[in-house]
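Here is the structure we will look at, set down as structure tokens.
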2 protein chains.
Amino acid sequence: MSEKIITAAIVIIGDEILSGNTPDTNTSHIAKTLAQKGIDVLEVRFIQDEESAIIFAVNELRAKYTYVLTTGGIGATHDDITAASIAKAFKVPLVKNPKAYAIIKNRYKERLNAHYRSMAFMPEGASLIANSLSDVPSFYINNVYVLAGMPSVMRVMLDDILPTLKSGEKVYTNDLTSKAQEYVIAESLSNIQAEFPKVSIGSYPFYDQHSKGTTLVLKSRDTDALKLATQKTLDMLRMHKHEPLVNFEIDIER
Amino acid sequence: MSEKIITAAIVIIGDEILSGNTPDTNTSHIAKTLAQKGIDVLEVRFIQDEESAIIFAVNELRAKYTYVLTTGGIGATHDDITAASIAKAFKVPLVKNPKAYAIIKNRYKERLNAHYRSMAFMPEGASLIANSLSDVPSFYINNVYVLAGMPSVMRVMLDDILPTLKSGEKVYTNDLTSKAQEYVIAESLSNIQAEFPKVSIGSYPFYDQHSKGTTLVLKSRDTDALKLATQKTLDMLRMHKHEPLVNFEIDIER
């Protein structure tokens with residue numbers, strides 16, 4: 001098991017997600033998938049289909065995190081500007097990738113036109129990401145991985161790159177949801193947090209017409225510390241006469 | 001009607017959203033609500049419950065956009081660090097706001113404790129945002145508006161600030177969804193885009209076991225240009241023997 005902390009940022013490119021009209025489902029899938037490899041997603045950005053926005057985000061994030069994964073803007077229409085923008089971010093020309101071109105030619109045959117051909121253009125030095133669903137590949141360059149926006153295609157592309165990404169040490173999580181209100185447990189919780197610096201304890205109150213209470217989320221790379229802190233938190237809830245609403249156990253396989 | 005372009009960024013603070021375990025519903029609600037006032041949300045970030053991450057994002061975004069709206073991290077537990085972090089971002093002390101304190105005292109009465117009292121601490125110079133659901137207010141300072149993470153509370157806080165935000169000129173949208181595949185229409189679409197520079201045309205292919213096709217999204221502040229471009233796009237689809245799957249009309253009320 002690696003000792004290293006491996007980090008990632010996700011960049012969701014597209015006006016339709018930003019406007020709130022199309023719900024984003026890619027972020028959650030990517031974050032959960034990377035977590036299984038012990039890769040911490042530390043930032044997500046939704047940005048416009050706009051060259052300067054893409055260049056700014058990609059350059060800022062690739063310097064900050066181990067990996068950057070983008071989704072969106074790699075189709076065959078005039079608004080698909082991700083590849084060209086990333087070439088500019090890396091200050092390299094956008095060139096026709098012969099392997100990508102061969103795949104595209106083979107897929108579209110007599111339907112091949114200039115727009116489909118445009119999908120073979122990638123930043124110089126890029127390597128291919130395979131697309132087992134609809135053939136047309138995408139690419140990565142250095143630590144920036146460019147995935148499709150369409151969830152089904154994004155998923156197969158993510159599956160393709162996953163084995164090549166470095167693994168980090170996994171973070172294990174325990175959730176304790178109860179009807180305890182935050183103010184009742186805030187002080188005890190803060191003491192438990194102080195006692196277990198290796199465990200991060202988040203407190204998320206919920207409040208709707210059906211019920212109110214708090215979900216406590218304990219996370220750690222250290223399973224012993226996590227077990228102890230979880231037991232203490234459970235004891236603390238019971239001391240306040242609350243039981244978890246859902247059974248739980250230390251999730252060591254996640 | 002204002003001529004101005006008014007922009008905003010949204011910052012979703014919290015490890016639970018970043019991890020993908022809790023789905024984010026706030027972004028879409030805020031983006032759609034601001035769009036109704038003609039405010040363009042140009043960027044969304046999900047960041048950690050972490051002081052340096054909050055300071056970095058808030059300072060970068062408040063310099064770039066008319067407004068920054070944050071959600072999350074304003075409760076009563078040890079992990080609620082948004083107010084303190086924003087005070088640091090603005091380089092002002094975190095002080096007890098007397099109006100907020102009076103509201104909190106009145107709400108909790110004999111249950112008032114140090115943790116509830118902590119919610120009255122805000123950056124010096126901040127003004128209150130009312131909470132019509134559960135009383136405890138939040139705050140804004142300059143162009144940064146700090147909202148609750150809990151969706152029900154976030155919504156009433158957004159309703160409170162909305163009348164005070166500047167209105168921009170509205171963007172109108174038409175969607176045309178058909179079974180046309182992108183490669184068939186890509187060239188015609190690119191010609192329509194070139195003819196109507198004031199209209200932004202997005203093309204979003206879909207592809208699943210049930211159907212495949214493309215949603216074309218036309219947006220503009222100029223309703224005449226939007227009508228013309230939409231008519232041309234519709235004619236183009238018909239020329240390719242496709243009809244929109246859903247009836248549509250120029251959406252001038254949005």
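Laboratory data are not the source of any read-out in this text; all were calculated from the coordinates shown. Everything quoted here is computed from the prediction, not taken from an experiment. Note that we place each Cβ from the backbone using ideal geometry, even for glycine, and neighbour counts take in every protein chain shown.
Couple of notes before you dig in:
- Sequentially through the range A:39-53, phi angles give Karplus couplings (6.51, -1.76, 1.60; θ = phi - 60°) of 9, 8, 7, 9, 7, 10, 10, 9, 10, 6, 5, 8, 3, 5, 5 Hz, Gly and Pro residues having no value and appearing as x.
- B:Asp40 long-range amide H proximity, modeled H, under 5 Å: B:Ile6, B:Thr7, B:Ala8
- As a length-normalised measure over Cα pairs under 8 Å and 6 or more apart, the relative contact order of chain B settles at 18 percent.
- Debye log10 I(q)/I(0) at q = 0.15 Å⁻¹ for chain A, Cα point scatterers: -1.02
- Debye log10 I(q)/I(0) for the protein assembly as shown, one point scatterer per Cα, at q = 0.05, 0.08, 0.10 Å⁻¹: -0.22, -0.55, -0.85
- Taking the DSSP beta bridges with both ends in the range B:6-164, the antiparallel portion is around 35 percent.
- The calculated Kirkwood hydrodynamic radius for the range A:132-249 is 17.1 Å, given to one decimal from all distinct C-alpha pairs.
- Rotational relation A to B, axis-closest Cβ in chain A, residue and distance rounded to whole Å: A:Arg45, 3
- Dipole of the protein assembly as shown, positive direction: furthest Cα of A:Gln48, B:Tyr108, A:Val95, with charges on the beta-carbon: A:Val95
- Selected from B:Leu237, B:Asn174, B:Leu147, residue furthest toward positive end of dipole (the range B:130-254; charges at beta carbon): B:Leu237
- On the principal axes of its alpha carbon atoms, the range A:51-159 extends 43, 28, 23 Å, with the longest extent given first.
- Inter-centroid distance (Cα atoms) of the range A:106-184 relative to the range A:38-95, Å: 12 Å
- Pseudo-label separations to other copies for B:Gln231 - Cα-to-Cβ vector, 7 Å, nm: 7.6
- Using the Cβ of B:Lys241 as centre and a radius below 14 Å, the other residues enclosed give a net charge of 0, where K and R count +1 and D and E count -1.
- Remark: mean inter-chain Cβ contacts per residue of A:188-199 equal 1, using a 10 Å Cβ-Cβ cutoff to other protein chain atoms.
- Annotation for A:Lys212, label-to-label distances across the other copies: 5.2 nm (shortest first, one decimal, point 7 Å from Cα along Cα→Cβ).
- Computed magnitude of the charge dipole of the range A:118-185 (debye, nearest 20; Cβ of K, R +1, Cβ of D, E -1): 140 debye
- Projecting the Cα atoms of A:Ser190, A:Gly213, A:Leu226 onto the dipole axis of the range A:172-239, where Lys and Arg carry +1 and Asp and Glu carry -1 at the beta carbon, places A:Leu226 farthest toward the positive end.
- Modelled spin-label separation between A:Thr22 and A:Ser127, with each label point placed 7 Å from Cα along the Cα-to-Cβ direction: 2.9 nm.
- Sparse-neighbour loop sites [trypsin sites (Lys or Arg not before Pro); the range B:58-96; at most 12 other C-beta within 10 Å; DSSP]: B:Lys91
- Length released on extending from A:Lys64 to A:Lys37, taking residue separation times 0.36 nm less the Cα-Cα span: 7.8 nm
- As a length-normalised measure over Cα pairs under 8 Å and 6 or more apart, the relative contact order of the range A:128-245 settles at 24 percent.
- Net charge dipole size for the range A:172-239 [Lys, Arg +1 and Asp, Glu -1 on Cβ; Debye, nearest 20]: 100 debye
- Given A:Lys37/A:Lys105; A:Lys37/A:Lys179; A:Lys32/A:Lys198; A:Lys179/B:Lys37; A:Lys109/B:Lys212, the pairs whose alpha carbons are separated by over 28 Å: A:Lys37/A:Lys105; A:Lys37/A:Lys179; A:Lys179/B:Lys37
- Stretched out straight at 0.36 nm per residue, the stretch from A:Asn106 to A:Gln231 would grow longer than its current Cα-Cα span by 39.1 nm.
- Other-copy label distances relative to A:Pro163, 7 angstrom Cα-Cβ extension, nm: 6.2
- Antiparallel bridge percentage (DSSP; both residues within the protein assembly as shown; nearest 5): 60 percent
- Computed label-point distance, nm, for sites B:Ser211 and A:Gln209 using a 7 Å Cα→Cβ extension: 3.3 nm
- Debye intensity ratio in log₁₀ form over the Cα atoms of the range A:1-70, taken at each q of 0.11, 0.14, 0.15, 0.24 Å⁻¹: -0.28, -0.44, -0.50, -1.05
- When +1 charges are put on Lys and Arg Cβ atoms and -1 charges on Asp and Glu Cβ atoms, the dipole computed for the range A:6-164 relative to its Cα centre reaches about 580 debye.
- Pairwise Cα inverse-distance average, inverted: Kirkwood Rh of the range A:64-125 (Å): 12.5 Å
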